[in-house]
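Taken together, the values in this text are just the output of simple stated rules run on the coordinates, not laboratory data. The structure displayed is predicted, hence computed values, not measured ones. Glycine gets a Cβ as well: all are built from the backbone with ideal geometry, and neighbour counts include every protein chain shown.
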Amino acid sequence: MTSNNGRRNPSQLRMTFDDPEVFRALCGRRDEHLRVLERKLGLRATARGNQIELSGDDYTVALAENVMRQLSVVTQKGYPLYGSDIERAVTIISADHKVDLSEIFMDTIYVPSAGRFIAPKGLRQKQYIDAIRRHDLVFGVGPAGTGKTYLAMAMAVSALMNKEVQRIVLARPAVEAGEKLGFLPGDLAEKVNPYLRPLYDALHDMMELSKARRLVEQGAIEVAPLAFMRGRTLNESFVVLDEAQNTTIEQMKMFLTRLGYDSRAVITGDLTQIDLPERTPSGLVHAVRILNDVEGVGFCYFESSDVVRHPLVQRVIEAYERDSSARSAPRLAGGDEEE
């Protein structure tokens, strides 16, 4: 691949690709990948022969060249390129021009039960996976849609299938968020099941339903409310605690002290969605504060820019963050005046 920056117009650039397969992958079917690049960066991208011509301002052209150059390397390594990959490549490189996309795109979690690879969709997700590999206890904190729980589940399933652990334990606090448990029909198991549904959904996305049910029946996978962890010691286990912002300080301490030999745990939560009763401190907030300097504990903080769901989700989260800041400002100002 070669680049030729036109002397007459520094905002035009032609990239030449000698490998036709790489060129076709970068352009996409009917040049749909180039359309994604145009939409994300506000420039013009045109395919001519074995060249991609970029036209725009200096910054966007340089950024687009970096994206396409790095994606050509990733494609040569056998990575199948999709339109969503173009979007996340632009997002990643916009945040850090020196990042190596190969380290992110080619770092995969192999889930044998699903027969597929799961790859991080951004720099933060890559850091999160690395933290889980390096530490026995990891906190993943950030807004919904950033892949915290999904990647933790992928790492857990991969560890179980590769016989690195003997079982997976998936837990969630059954905290009432606008609907009283007592008003729901059925026995206790049926009442708490809706709270555990997201964990089942992620699990079923990684293995066939019949296999998941069999492993649950055998005790190799356990999905349970956090309260069921009390009094236990979890050896040779991969434990995932989801929605940890809704734990009390006592519950968080109880959970953290369940870890036994050859076990690891990932704790995920969103500090903006605490559903605990008013004046009840969050166990996640407390744990992040007091464990921040403890050796062997890893932390990964996600932001709204790391959301990997529908693009509208990221904009919704940012709108709520702006509203929260605007509403807190008058209170802070009022407090200063009273003092």
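Please list, short to long, the whole-number percent of alpha-carbon pairs of segment 64-175 in consecutive 10 angstrom bins beginning at zero.
Pairs per bin, as whole percents: 12, 41, 32, 13, 2.
Quick one: if you stick a label point 7 Å off each Cα along the C-beta vector at Ile249 and Asp130, how many nm between them?
3.4 nm
Beyond a 32 Å Cα-Cα separation, which of these cross-linked pairs lie in this structure: Lys77/Lys163; Lys98/Lys211; Lys98/Lys163; Lys40/Lys163?
Lys98/Lys211; Lys98/Lys163; Lys40/Lys163
Identify the residues of segment 24-62 with backbone N under 18 Å of a label point that sits 7 angstrom from the Cα of Gln12 along the Cα-to-Cβ direction, or state none.
Once the point is set 7 Å along Cα→Cβ of Gln12, 43-62 turn out to lie under 18 Å by backbone N, inside segment 24-62.
Given 0.36 nm per residue, what is the gain on full extension from Glu164 to Asp100 after removing their alpha carbon distance, in nm?
Between Glu164 and Asp100, full extension yields 20.1 nm more.
If each residue of separation counts as 0.36 nm, what is the full-extension length gain between Glu21 and Arg322 once their alpha-carbon separation is subtracted?
103.9 nm
Grab the eigenvalues of the alpha-carbon gyration tensor for segment 216-334, scale each by 5, take roots, and send me the semi-axes largest first in whole angstrom. Could you put the intermediate results ahead of the total?
Working: eigenvalues 192, 66, 40 Å².
Value: 31, 18, 14 Å, ordered largest first.
Please work out the ratio of the alpha-carbon Rg of segment 8-115 to 2.2 N^0.38 Å and round it to two decimals. Could the numbers behind the result be given before it?
On the way: Rg = 14.0 Å, N = 108, 2.2 N^0.38 = 13.0 Å.
Normalised by 2.2 N^0.38 Å, the Cα Rg of segment 8-115 equals 1.08.
Which number do you get for Rg(Cα) / (2.2 N^0.38 Å) in segment 218-261?
Computed over Cα atoms of segment 218-261, the ratio equals 1.13.
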